[in-house]
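Worksheet: one structure, shown below.
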Amino acid sequence: MVLFNVSRIQTTPFDGQKPGTSGLRKKVKVFVQPHYLENFVQASFNALTEAKVRGATLVVSGDGRYYSEQAIQIITKMAAANGVRRIWVGLNGLLSTPAVSAVIRERVGVDGSKATGAFILTASHNPGGPNEDFGIKYNMENGGPAPEGITNKIYEYTTTIKEYLIAPDLPNVDISTVGVSNFTGPEGPFDVEVFDSASDYIKLMKSIFDFESIRKLLSSPKFTFCYDALHGVAGAYAKRIFVDELGAQESSLLNCVPKEDFGGGHPDPNLTYAKELVARMGLGKSEPQGEPPEFGAAADGDADRNMILGKRFFVTPSDSVAIIAANAVQAIPYFSAGLKGVARSMPTSAALDVVAKHLNLKFFEVPTGWKFFGNLMDAGLCSVCGEESFGTGSDHIREKDGIWAVLAWLSILAYKNKDNQDKLVTVEDIVRQHWATYGRHYYTRYDYENVDAVAAKELMAHLVKLQSSLSEVNKIVKGASSDVSNVVHGDEFEYKDSVDGSVSSHQGIRYLFEDGSRLIFRLSGTGSEGATIRLYIEQYEKDPSKIGRLSHEALAPLVAAALKLSKMEEFTGRSAPTVIT
């Protein structure tokens, strides 16, 4: 038994950012400054009740990005000094964000212990490496992100902190080997358990989906499959689930070795950054080598986001969650008793709304941020939910879940092909049939990344001011394109949580059109520097003869109206977005 002592280290407050549910994200060079990470961790311990710290079991793991291993050792030493009883670490420090949620909710230690929270080390879909991004966030005992009340307290403590507790002589723990390390400090025993990163998560997935039906689909000579982990943490699960459990060929896995710099790429599963998968699926600028697979999917760095592709066919995240909801009861055993309700984030297209109305389901429109879905799920009001930013999930955990979404789509494909011996029902077939039934929501998102923060705020203030005169708005819109409908409403989205009564204001600027079209502008908080302006453009089409158009052609008039209305180039100096999804 190794003994350790506790030290109180003097520190000064840092000029951090107010952490949201996505936590604190900065460049690595910021996190490696003296006391920077320590200040945030101590502020987190200070913000929690004593019962959630002293004697508690906490999870500490992440997506394996650069600086993760050092951070795990620092947090472990600080946890010991703050009276935490035990730490659980995924093998090699790897746990996807959804797997952390599952571990908190499902895992029971050999002594009957349960985790009450977690430090997750990730900057999500942002790049990694010595010159790139690092991040940290705290999740609660329900497995979901810390609510605003906690994140506000964490921020307040970071502005006033004077000291932190650490056990400097606690030896570093070998996180490359499964096992338990035992220590003793002033308050008694302290253990660090390194455990298999994938087993708990796989067990949960097998309780949700019919793996045998998916295995049958993957074994069909008519069906081909491809999965790209973008060198993120999803690679720690991909071979175990898709190859070992479901029988896919190992050659169907792309970039499934987790790397601390994500192989030098940008681990964001969209048509811009998932270049290799996009090319293989026949959606690149040049013809692919050989016939594209029937199904492809990608994950982001921490495996909570997903992109779904068919052969030469892109499924928008908005359509994806709507299609999963429409087919869940028939195709996924977990939902066989019915859905409690569905929810989407405000910027996500209204495709899910139409499904909810058709199936007579409870429906909720919430601000961006998974905690809002978590509240609904904890109250038993929501089963399936999603965001347009490639996040989809259900009430099995309290985070979005990229591999879950892939398994959901494979389940739907297996169900649709169950009695079909002649021709494969493809991803494109399923989407087009959905449009024929529910109508099509043409949809796109323009991201303007690393915009000057002052300019971004001025643009948003300009859009708010315009809403005081809809006649002026319509004059500008019609001047850009006569093919668009009239704007009938403009506001800043505000949400009153139906569970806890909290009010979230300034959640995005909306322009709603008479024909159901929408323009939405938001400042995103997921970057590590500058500002990201997100522009969402949506048009609903019920006419079956008009649902087969190319999305960029259908949306061109609304795009022109949005750019003129916002004076995007005038404010930002950008003539084009960084990313279009």
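Could you sort Glu287, Glu163 by accessible area so the largest value comes first, with the probe set to 1.4 Å?
Glu287, Glu163
Could you give me the ³J(HN,Hα) list for segment 198-206, computed from phi with Karplus coefficients 6.51, -1.76, 1.60 and θ = phi - 60°, whole Hz, x at Gly and Pro?
9, 4, 5, 5, 4, 4, 5, 4, 6
Under the rule a/c < 1.5 gives rounded, and otherwise a/b versus b/c splits prolate from oblate, where does segment 440-580 land using the Cα gyration tensor?
Rounded, since a/c falls under 1.5.
Using 0.36 nm per residue of separation minus the Cα-Cα distance, give me the extension gain between Ala436 and Ser7 in nm, one decimal.
In short, 147.9 nm is gained.
Once amide H atoms are placed 1.01 Å from N in the peptide plane, what residues at a sequence separation of 5 or more from Thr426, or on another chain, have their amide H within under 5 Å of its amide H?
So Thr426 has HN proximity to no qualifying residue.
Can you work out ³J(HN,Hα) from phi for every residue in segment 160-174, in order, using Karplus 6.51 cos²θ - 1.76 cosθ + 1.60 and θ = phi - 60°, giving whole Hz and x for Gly and Pro?
Working through the residues one at a time gives 10, 4, 10, 7, 9, 9, 8, 10, x, 8, 5, x, 4, 8, 6 Hz.
When DSSP beta bridges are limited to those with both residues in the chain, what percentage is antiparallel, rounded to the nearest 5?
Counting DSSP beta bridges with both partners in the chain, the antiparallel share is about 70 percent.
What is the magnitude of the charge dipole of the chain about its Cα centre, with +1 placed on the Cβ of each Lys and Arg, -1 on the Cβ of each Asp and Glu, and no other charges, expressed in debye to the nearest 20? Spell out each step's value before the answer.
Details: 60 positive and 69 negative charges, 115 e Å.
That gives a dipole near 560 debye.
Each label point is 7 Å from the Cα along the Cα-to-Cβ direction; what then is the distance between the points at Glu50 and Thr184, in nm?
2.5 nm
For the pair Glu156 and Lys496, what calculated FRET efficiency results from E = 1/(1 + (r/R0)^6), where r is the Cβ-Cβ distance and R0 = 25 Å, to the nearest 0.05?
About 0.55, to the nearest 0.05.
Could you work out the relative contact order of the chain? I mean the mean sequence separation of Cα pairs under 8 Å and 6+ apart, divided by the number of residues, in percent.
Reported as a whole number, the value is 13 percent.
I'd like the Karplus ³J(HN,Hα) series for segment 407-414: coefficients 6.51, -1.76, 1.60, θ = phi - 60°, whole numbers in Hz, and an x wherever there's a Gly or Pro.
5, 5, 5, 5, 5, 5, 4, 5
For a Förster distance of 22 Å, can you work out the FRET efficiency between the beta-carbons of Ala453 and His552, rounded to the nearest 0.05?
Working: r = 29 Å, r/R0 = 1.34.
About 0.15, to the nearest 0.05.
Between segment 488-558 and segment 95-109, how far is it from one alpha carbon centroid to the other, in angstrom?
Taking the Cα centre of segment 95-109 as reference, the centre of segment 488-558 is 33 Å away.
Can you list residues from other chains, or at least 5 along the same chain, whose modelled amide H is less than 5 Å from the amide H of Ser61?
Close amide H contacts, sequence-distant or interchain: Phe119, Leu121.
How far is it, in nm, from the label point at Glu428 to the one at Glu148 when both lie 7 Å from their Cα along the line to the Cβ?
4.5 nm
Hey, what D do you get for the chain in µm²/s if you plug the Kirkwood alpha-carbon radius into Stokes-Einstein at 10 °C and 1.306 mPa s?
It comes out at roughly 65 µm²/s.
Could you state the number of Å between the C-alpha centres of segment 309-343 and segment 398-455?
So the separation of the two Cα centres works out to 8 Å.
The values are calculated or read from the model by the stated rules, or taken from the named source; none is laboratory data. All values reported here derive from a predicted model rather than from experimental measurement. FYI the Cβ positions are ideal-geometry reconstructions off the backbone, even for glycines, and counts take in every protein chain you see. Surface areas here come from the heavy atoms of the whole protein model, side chains and all, with no ligands, DNA or RNA. Shrake-Rupley method; radii C 1.70, N 1.55, O 1.52, S 1.80 Å.
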